[in-house]
Structure formats: C-alpha cells, structure tokens
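What follows is one structure encoded as structure tokens, with my remarks underneath.
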C-alpha cells in the first residue's frame, strides 16, 4: 500500500475537479486529484461550449482567462427561430449589461491540465477500484489501484467530482438521499465540423424536431438536431444530418451555414437529475455527481463551476479563518442555484422540442410560450437574466 497525505482528496479529473484543485493551490491548500480515465481521454471529451458571464470572470480571476480571451467568441445575445413564425434575438447585453462566451469545455480542460502541471499538482490518472472510507471520521480516506499498486489517500475532506456514475454520490447513505429526475423521450445528435460557425448561438423549433447551431472557435462548429431516442449514429450519414438540420432552420439562417465532413459525431440522451443533499460528513459533491441538466440551457459546465466556487470558498474559510459556516451550508447554497438552472433548462427543452405522442393542448401551449416571448420585452428580459446566469457571490 502506497500512502499519501493531503488536505483535500478530489475524485474526478474533469474541469470541476481540476478547477477546485487549482483554486485551492492559489490559496495554499494542498490537494490530490484521482481520475479513473487516462488524461488523453479526459482532454478529448466533447462537451459544452457556452460560458456564463460569471464563469468567464471566475476563470479570469484565477489566471485561466488568457487563451479563452484570445480564442473564445463573446456574444451579446442568442437567437431563436420558429417554423412559420418570426425569429427572435434575445439581447442579453441590453437586458443585463453582460456578455457570454463560446469556448469549448475541451479547451478549458486542456488549460487546467497545463496549469496544474506547471504548478506540480498531484494528479493520478487511470485509477481503478476507487473507494471512499471513514467519511464520518476526522481523517477520511480514499483507496484505489494505479500502476499495479494499491494506494491510500488520507485527507481532511473529500470532494466528489466524478460524474453521474462515480463512486462519490453512492457513498452517501441511501436513506439520506433524495433524487429528482425527468427523462426526455428523445436525444441530441451532435456533429463537430471544421467550418466557420454561424454568427450566433441559435436555437430552432421545427415540427420535425429541435435544431441548434453552436460554436467552439472561428474554424470549428458544433451543430445538433433532435433525434429518436432509439436512433444509432450509423443511421445518420453526414449528408442526412445536414439535410435535416437545414430543413429545420429558416432560409435566412441556412444560407449562412457552411456544411462539411464531420470530425466527431455522437448521440446524447437528455435528462434532468438532482440529488440532495450534496454533502455528508466530510464528503462534498460537485458537478455531474450531484446534478445533470439537458444541454438546452447551456448550464451543465456553468453549474459545475458555480459548485466549485462555493466549495472552494467554503474550504478556504475553514483553513484560513477556522470558519465552518460556508462549508456547513454548501449544499443549501449550491442547490438554490442548481434548481434555477434545472428550471430554465426544463422550460426551454419543453418549448423547443417535439414530444412523441403529445396531445394538441400541449402543442398549443408550446406555440403560446413562443408567441408570448415574441411580444413581451419583460419575458425576454427574464430569459436573458437566467441565460447569462445568476451572480456567483451569493
């Protein structure tokens, strides 16, 4: 058994775990990151690409904004199109005074790994058989197998940033957990293409299904369409995808979209999920280990960042001022923001997608939701405030 000692054991080497490790390092707090996958696998995962104003500012504040500010694509608003109805631009900058940024999670993960390596951060990848022990004791432990050896990490606190299927949430006694879930009866087929992106982040409703144009950098685009939950990637050639996407968007948009061969293609199911509480004794959950949102509202990565903001603030207060108040209230503080994002993502998903077997009443409600948004500047303002994200300094 190889024994390590650290202040914070972080399970999960995605952006949430790495960001927590980096912020703790800036404040003189030691941590070790334990990741199940290889570094190449983690860095290669294709994920979200829209950053709230608060996420952008936090990355700048902790010294991770240089590449984002060079390569990211700032936006003052987002566009909506609707079959046989006028299009709508939600002017987020006008209503909130803030902009958001299109910058891929893959790039953020690369930036974080590079920074942790520069700072000699402790990251162990390809760790298997991860287990959590003694979370009700003053010195909890994490054990795992790596490089053919058994390892034990003795620490003060454990941060579970290991995703929906990780060990962290499963370590909270089941009789203390409450789970809330909504599974959607369709998926998103997404492709990445090396073509100039459409000028806006654009959401489209069509009777055939939802469509989305998003961005990664000036020569990398991400597009999505709603597909049947049973569809397979092999069912969708590039030509079939582009034909479906262009049918679902109006002519003034399609004439500005450049098509090309896909360099990545995937189908993702959609669900809303929240597990409460996000803390038990000396274990604290963050990111997808505690909550999952459909990507419609672009909130997944942003919620992980807000979790890390609240958790790092709480841990810094413990070590610098022996103040446990933020740590004791971490779950309550984080969940208030999470449920707001869950709400927005659910409402946008319901408004912008076709649902199998839906009755005419629900179809008319969807049309009414969009009509009201078209006519009401106050509703547009409300959407802009939610889309840009609530402030982190709650």
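The values are calculated or read from the model by the stated rules, or taken from the named source; none is laboratory data. As the structure is a computational prediction, the values presented were derived from the model and not from experiment. Using ideal geometry, Cβ is built from the backbone for each residue, glycine included, and neighbour counts are taken over all protein chains shown.
Exactly one residue among 342, 308, 338 is over 18 Å from residue 388 (Cβ atoms) and either in contact (Cβ under 8 Å) with a residue 60 or more places away in the chain or touching a helix residue (DSSP H, G or I) at 6+ places or on another chain (Cβ under 7 Å) (or both), and that residue is 308.
Going by the structure shown, is residue 125 over 22 Å from residue 311 (Cα atoms), surrounded by 14 or more Cβ atoms within 10 Å (Cβ to Cβ), modelled with pLDDT of 95 or more and touching a helix residue (DSSP H, G or I) at 6+ places or on another chain (Cβ under 6 Å)?
Criteria met by residue 125.
Residues of the range 187-208 that are crowded, with 20+ Cβ neighbours inside 10 Å and out of contact with any helix residue (DSSP H, G or I) (no Cβ under 8 Å at 6 or more places or on another chain): 190, 193, 197, 200, 201.
Every condition in (1) without any contact (Cβ under 8 Å) to a residue 60 or more places away in the chain; (2) over 30 Å from residue 165 (Cβ atoms) holds for residue 62 except the one numbered (2).
Give the range 319-332 a look and list any residue that's crowded, with 19+ Cβ neighbours inside 10 Å and touching a helix residue (DSSP H, G or I) at 6+ places or on another chain (Cβ under 7 Å), or say none. Explain how you work it out, then say what you get.
Filtering the range 319-332 down to residues crowded, with 19+ Cβ neighbours inside 10 Å leaves 327, 330-331.
Within the range 319-332, 327, 330 meet the criteria.
Among the residues of the range 231-242, the ones that are over 15 Å from residue 204 (Cα atoms) and free of Cβ contacts under 8 Å to residues at least 40 places away in the same chain come to 6 in all.
Among the residues of the range 136-172 satisfying the criterion of being outside any strand (DSSP E or B) and more than 16 Å from residue 284 (Cα to Cα), which is farthest from the chain's Cα centre (by Cα)? For the range 136-172, the residue satisfying everything is 148.
Residues in the range 350-394 that are assigned to a loop (DSSP other than H, G, I, E, B), buried (at least 18 other Cβ atoms within 10 Å of the Cβ) and touching a strand residue (DSSP E or B) at 6+ places or on another chain (Cβ under 7 Å): 353 alone.
In the range 69-83, which residue that is touching a helix residue (DSSP H, G or I) at 6+ places or on another chain (Cβ under 9 Å) and free of Cβ contacts under 8 Å to residues at least 24 places away in the same chain is farthest from residue 56 (Cα to Cα)?
Among those residues, the one meeting the criterion is 76.
With respect to the conditions (1) in contact (Cβ under 8 Å) with a residue 60 or more places away in the chain; (2) in contact with a strand residue (DSSP E or B) (Cβ under 7 Å, 6 or more places away or on another chain); (3) under 16 Å from residue 189 (Cβ atoms), residue 227 lacks only one, and its number is (1).
Has the range 295-304 got at least one residue that is closer than 21 Å to residue 83 by Cα, part of a helix (DSSP H, G or I) and touching a residue at least 60 places away in the same chain (Cβ under 8 Å)?
Of the residues in the range 295-304, the ones closer than 21 Å to residue 83 by Cα are 296-297.
Imposing the further condition that a residue be part of a helix (DSSP H, G or I) reduces the set to 296-297.
Pick out the ones that are also touching a residue at least 60 places away in the same chain (Cβ under 8 Å) and you get 296-297.
Yes, that holds for at least one residue.
Taken over the range 138-150, the residue count meeting the criterion of being in contact with a strand residue (DSSP E or B) (Cβ under 8 Å, 6 or more places away or on another chain), surrounded by fewer than 20 Cβ atoms within 10 Å (Cβ to Cβ) and farther than 16 Å from residue 30 by Cβ is 5.
Out of all the residues in the range 333-349, is one or more over 30 Å from residue 283 (Cβ atoms), surrounded by fewer than 17 Cβ atoms within 10 Å (Cβ to Cβ), at pLDDT 95 or above and over 16 Å from the mean Cα position of the chain (by Cα)? Yes, some residue in the range 333-349 is over 30 Å from residue 283 (Cβ atoms), surrounded by fewer than 17 Cβ atoms within 10 Å (Cβ to Cβ), at pLDDT 95 or above and over 16 Å from the mean Cα position of the chain (by Cα). Residue 308 passes every criterion in (1) assigned to a helix (DSSP H, G or I); (2) at pLDDT 95 or above; (3) under 24 Å from residue 79 (Cα atoms) apart from (3). Taken together, the residues in the range 23-50 that are surrounded by 24 or more Cβ atoms within 10 Å (Cβ to Cβ), within 30 Å of residue 214 (Cα to Cα) and modelled with pLDDT of 95 or more amount to 1.
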